[in-house]
Each structure stands twice: as structure tokens, then as C-alpha cells.
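Structure first, then comments.
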Amino acid sequence: MRRSFFAALLLLAPPSLAAQTLREQIRTDLFTFGNCGEPLCLAGALAGHGSHFIPATQSAAGDILDLLGNALAASVSNTPVGSTSSGVTYQFIGGLPVKTATSGGPIFGERSQTLGKGRFFVGATISAMHFERLRGVRMDDIEFNFTHEDTPPVDSLGSPFFENDVIGVRVAMNVSLIVTTFVASYGLVDGVDLSVAVPIVHTSVQGTSVATIHPAGYPSPHRFGGTDSLPVMTAVAGMDGSASGIGDVAARLKVNVSQSSGFGAAILLDGRFPTGNADNLLGSGKFSGRGLAIVSAKFGTMAPHVNIGYVFRGAQQSTNSVLATLGFDNAMAGWATMAFDLLSEWQVGDSKLHIPGPVQYQAPFPHSVTPTNIPGQRDNFLSASVGFKFQTPRGILITTNALFPLRDSGMQPSAVWTGGLEYNF
């Protein structure tokens, strides 16, 4: 049944009168052609041929939806959250506060220093991104090829001859994401910070699909409409939807295990709760947690840091990963800090978003049809982040940052632009 993998996306109930979620719109509006209310809508097909591109099982339907919907949901839930502390940090020695960091600190990486007992950090950032690639394939040039069922005689795909008909669907999607994140951290005691991050997510998805029946010969029993002499072999579908709401809330605990003037080590535990509506692509729908080991140092105005950790994801189609971040922040002046990070994520095990191999035909001669131009691969991520922090006379930090993906993995924008305000007191 692998050849029916992508056609399984079309095994969907007609839309209800209630407002559709973004996932439902992808399922129905983007892959339902014509006005007959049926998947693929081969209203003009000869009797008995209208459903031959719909497989006999729905077992793969969820997987192909995950390929599109979960790729976006993963990008929503994995949008980097700013560091747990920023600006000047303190440690109390002999009852007196002593500065442990004087720069603005990293933006997406983590340093070992904590805020200090009784101190607060609050911040708000806005990140905007427009997704342009899905595993390296342009979002306006995604292709699916829906193949025919193997009708009797079974195990001889291509016989009868009309089984060689293929419906090619070209999809163009316009996907944008704006995430506004509010962060608050509190120094419980010296060396221990508790932090909460609350994202507000706006997801916008527009798409068009053009389906074309490629017949093996004329007249074909498959058509969207018309007659044998004037068949309608092309149909168009589209969707336009958006959703806004709270995303997956994160709670973080940071514990400094060693700190001197030139070196520090800490542990960060991070839990992200499924508070975002997964059906509207505002969150992952399941709990995820990560643990990080943090090492940072200081050499003059330069403060490098290394983060190594592991992330567990509870979502069915998500994969656990090893995390690694390498970067530095540099105090260029008393009021300006430059921050740079290489952020990476490496999957543990194979991707759960499966792409089927070519569909093999036996008649009228051996040949194959590739179901999609989306490659099957592991989604390992690598991004470069560069930004600046500027301190105002009132102690407020203004943050600007750009994050650039360096690998064609998952659903990726060309850049993630971030701006924000931070305050430490």
C-alpha cells in the first residue's frame, strides 16, 4: 500500500459548519478539487472510477498530514527562547553583592551566571519568520503524485492500462509565524534561578494546489469533468487561514554549580507544556523537556559559552534530539554587547515523518513514479545567530538579532528576525 501513501491525505470527511482549524484546512481545502464534495472530486469519471485514487486504508493519512502540519508545528514549538538571565548578574559574598557578569549576555545561548538572590529579570521579544523551504524544497514548488489503486488482477500495477494514470498536484504554500515571548526570571537563592516563558503565537497559512490528471491514453476513465472528447483534466483548490493564541509555556530551573571570576558551570532544566492549540499550529500538543549542561568563561571583554544537552519530545511524530550550542558575547562598550551563537540539534534515531519510496509499476513495462519531490531524511538543524544588546541610561536592554538556518532540514525560513526589551533589577 506504499503507492497509496500520499492519496491517503484525501481520505477526509467533508468540512463541518463549525470553524475549521488550520490542520483541517490543510486536510480539506488544499486537497479537495471541484465542487462535488469528494476528495479529488473526479465527478466526470466513468462510473466506478471516481475513487480509484483513494486508497483502501486510512493508515497513512496521519503521516502525510504530519509531514506538512507537524513540520510547521515543530517550528512553532522549537522557536528559540531567550536566555534565562541578561545584563549584570550578581553573587552575594560576605553579605555584599559582587558582579559575576558585566556584559549584556547571550541572546539564545546560556551562560553559567545566575541573577543573584532576590533579583528579577523580565523581558519581551518578538520573532518573525516567513517559511521558504521544506527539507530544501521551495514552499511554492511542492509536488505530489497520486497513483492509482491496484485493481484486479492485484499485484500487477499498470494492468488494466488506465492504472498508469497519475494525478500530479503542485502545491504553493505561504506560511508565516510571529511569536511574542514574555520571560520572567527570579533568583530564588544565590546560584538558583526560576524562569517562565510565555509565547503568544500568530500562525498564518495560505496555499494553492493545482491538480492535473496525466492519462496514460485517451479517452481516460478519469477526469474532473467534461466528456471523453472534451475532458477537464485540471482543477484548482486553495486555503487561507490564520490563528492566534498562547503557545507552549516553558518553565525553567537553572542551577549554578561552580562560579569564579573566569569560569562557571551550571545545569538548566526546561519543560515546555502543551498549552498551545496543536490543531491550530500554535504548539506541539505534547510535553517536551530538555536538560542542558552549561559551561562559560571570561577572557577580558570576551565571554564564551558552551551548552550541551538532550531534548525529549512527547509528540507522536516528533523525535528526541541532542542539543549543542557554541557562542560568545563580547562587551564592545559599557552600553553595547555583541552576541554570537551556533545552535544545533541532532536527531536521535530515524525521522518519524516517513517519505515513501517510488511506486513500482509492472505493466505495460516496468517503471516507477516518485510520490513527491520532498526528500526523506533526518531533520538535523544548524543555525547561526548574531545580535546586539544596547543598554539605555535607565538600564533597559534593547535586543536585536538575526538567526540564519545553515541546513536544509524541516520547515525553514531564510531568517528569523528578533527584537526585544530586557530589564534586570
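Given bins 10 angstrom wide, list per bin the percent of all Cα-Cα distances in the range 104-244, short to long.
With a bin width of 10 Å, the distribution comes to 10, 22, 19, 16, 12, 10, 8, 3, 0.
Applying the Karplus parametrisation 6.51 cos²θ - 1.76 cosθ + 1.60 with θ = phi - 60° to the phi angles of the range 356-368, what ³J(HN,Hα) value in whole Hz is obtained for each residue in order, glycine and proline being reported as x?
These are the phi-based 3J(HN,Hα) values: x, x, x, 7, 9, 9, 9, 9, x, 8, x, 7, 9 Hz.
Express in whole angstrom the spacing between the alpha-carbon centres of the range 338-359 and the range 402-425.
Here the answer is 17 Å between Cα centres.
Among G262, A339, G241, pick out the residue whose Cα is farthest towards the positive end of the charge dipole of the range 237-395, where Lys and Arg carry +1 and Asp and Glu carry -1 on C-beta, about the Cα centre.
After comparing all options, I get G262.
Sorted by average packing, counted as other Cβ atoms within 10 angstrom per residue and highest first, what order do 274-286, 109-121, 348-360, 397-409 take?
Highest-to-lowest ranking by the protection proxy: 109-121, 274-286, 397-409, 348-360.
Can you spot the aspartates and glutamates whose alpha carbon is less than 15 Å from K352's alpha carbon? Ignore those fewer than 8 places along the same chain.
D63, D66, D379
Kirkwood hydrodynamic radius (Cα pairs, Å) of the range 187-317?
19.7
Out of every Cα pair in the range 277-425, what percent are spaced more than 27 Å from each other?
Percent of Cα pairs beyond 27 Å in the range 277-425: 42.
Any idea what the alpha-carbon Rg over 2.2 N^0.38 Å comes to for the range 359-425? Display every interim value, and only then the final one.
On the way: Rg = 23.0 Å, N = 67, 2.2 N^0.38 = 10.9 Å.
It is 2.12.
Compute log10 of I(q)/I(0) for the range 234-280 with the Debye formula, placing one identical point scatterer on every Cα and leaving out solvent, at q = 0.25, 0.26, 0.33 Å⁻¹, to two decimals.
-0.93, -0.96, -1.13
Could you check the spin-label model distance between A402 and V322? Points 7 Å from the Cα along Cα→Cβ, value in nm.
Placing both labels 7 Å along Cα→Cβ, they lie 3.2 nm apart.
At a probe size of 1.4 Å, how large is the accessible area of V249, to the nearest 10 Å²?
30
Sequence-distant or interchain residues sharing an amide H contact under 5 Å with R407, placed H: which?
L382
Lys and Arg at +1, Asp and Glu at -1: add these up for the other residues within a Cβ distance under 12 Å of A266 and post the number. Don't skip to the answer; put the middle values down first.
Working: positive: R111, R252, K254; negative: E110, D193.
In short, +1.
How many percent of the accessible area of the range 149-276 is carbon or sulfur, using a 1.4 Å probe?
66
To the nearest whole percent, what portion of all C-alpha pairs in the range 136-200 is separated by more than 13 angstrom?
Roughly 78 percent, once rounded to a whole number.
For the range 290-322 and the range 181-206, what is the separation of their C-alpha centers, rounded to whole Å?
Answer, in whole Å: 17.
Considering the options L134, V166, S156, tell which one lies farthest towards the positive end of the dipole of the range 127-167, charges being +1 on Lys and Arg and -1 on Asp and Glu at the Cβ, about the Cα centre.
Of the listed residues, the answer is L134.
Mind checking which lysines have their C-alpha under 17 Å from K298, skipping anything on the same chain fewer than 8 residues away?
Reachable lysines: K99.
What base-10 log of the normalised intensity I(q)/I(0) is obtained for the range 127-170 from the Debye formula, alpha carbons as equal point scatterers, at q = 0.23, 0.26, 0.34 Å⁻¹?
Cα-only, vacuum Debye calculation for the range 127-170: -0.78, -0.87, -1.13.
Multiply the residue gap between I308 and F388 by 0.36 nm, knock off their C-alpha separation, and tell me the result in nm, one decimal place.
Fully extending the segment from I308 to F388 adds 26.5 nm.
Could you pull the Cα extents of the range 283-349 along its three principal axes, largest to smallest, in whole Å?
Principal-axis extents of the Cα atoms in the range 283-349, largest first: 47, 22, 15 Å.
Could you do me a favour and compute the accessible area per residue for the range 146-226, 1.4 Å probe, result in Å²?
Dividing the accessible area of the range 146-226 by its residue count gives 36 Å².
Which distance in nm do the two modelled labels at F287 and V257 give, with both placed 7 Å along the Cα-to-Cβ direction?
Here the modelled spin labels are 2.3 nm apart.
Give me the base-10 log of I(q)/I(0) for the range 254-314 at each q in 0.14, 0.15, 0.16, 0.27 Å⁻¹, Debye formula, one uniform scatterer per Cα, rounded to two decimals.
-0.54, -0.59, -0.63, -1.03
For M332, M239, M302, give the ranking by accessible area with the largest first, probe 1.4 Å.
Ranked from most to least accessible, the order is M332, M302, M239.
Please compare each pair in K254/K389; K286/K389; K117/K389 to a cut-off of 30 Å on the Cα-Cα distance and tell me which ones are over it.
Check vs 30 Å cut-off fails for K286/K389.
The values are calculated or read from the model by the stated rules, or taken from the named source; none is laboratory data. Because the structure is a prediction, the values reported are computed rather than measured. Glycine gets a Cβ as well: all are built from the backbone with ideal geometry, and neighbour counts include every protein chain shown. Quick note on the areas: whole protein, heavy atoms, side chains included, nothing else; ligands and nucleic acids left out. Shrake-Rupley method; radii C 1.70, N 1.55, O 1.52, S 1.80 Å.
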